[in-house]
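Working notes, structure below.
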Amino acid sequence: MVKVFNNVLDNSHIQLMEEIMLDSKHFPWYFAHHNLDYGHSQKSRSNKFLFTHNFFTKLNDPPYSNFFYLVEPIVDYIKKQCDNTESILRIKSNLYTNQHMNIETEPHIDQGEYGEKECLIGLFNVISCDGGTVIGGKTYPSVRNQLLLFDNVPHHGITQSDTQARVCINFNFKRTAEN
């Protein structure tokens, strides 16, 4: 199951998000040596670095970031679209820099302790670029202000080669138990 939603945020909010996350000297991005670590050699991971920002990190904890207000409208939107969301597990943003080629990250699931139907994944694209996300063998291009909702299944990203950065925000929700 993959659902695609366009124009999730109103224009003023997506512009504010872009300005703060991409142009602000005050938005904290943190360097990560690699996207995932599944025992691959350093050489195979060397071009898979990124910058991250955690908005929310742990179930039942308060928001981790002073910039949580940027993602609150998306959280509300997801909850309206999927009434079986119980609680937020994590909200994390990824910024990939342009490496002049499209690089595929390693397939993964976001929440290993939860099964496919116990966790809902949301991926929100802040800007458009020629990168994307692969879910179930299908590539979904990075489209500005677009949200993908899908089960906790293997997926992976593709970096961009046409813009300075690819910025996406990952949302992980625990679902309520189905009867």
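Taken over region 126-179, the criterion of being within 22 Å of residue 115 (Cα to Cα), assigned to a strand (DSSP E or B) and among the hydroxyl-bearing types (Ser, Thr, Tyr) is satisfied by 133 alone.
Among the residues of region 60-102, those that are under 17 Å from the mean Cα position of the chain (by Cα), of a type in the set (A, V, I, L, M) and outside any helix (DSSP H, G or I) comprise 71, 88, 89, 91, 95. In region 110-143, the residue that is farthest from the chain's Cα centre (by Cα) out of those that are surrounded by fewer than 17 Cβ atoms within 10 Å (Cβ to Cβ) and of a type in the set (Val, Ile, Thr) is 139. Within region 62-79, being under 20 Å from residue 5 (Cα atoms) and out of contact with any Ser or Thr (no Cβ under 7 Å at 6 or more places or on another chain) holds for 70, 71, 72, 73, 74, 75, 76, 77.
Provide a single number: the residues in region 144-176 that are farther than 22 Å from residue 75 by Cβ and surrounded by 20 or more Cβ atoms within 10 Å (Cβ to Cβ). Working first, answer last.
Applying the first criterion (farther than 22 Å from residue 75 by Cβ) to region 144-176 yields 154, 156, 158-165.
Still in the running and surrounded by 20 or more Cβ atoms within 10 Å (Cβ to Cβ): 158-160, 165.
Adding up the residues that qualify gives 4.
Each value in this text was obtained by applying a stated rule to the coordinates, not by laboratory testing. Source: prediction; values computed, not measured. Every residue, glycine among them, receives a Cβ derived from its backbone with ideal geometry; neighbour counts consider all protein chains shown.
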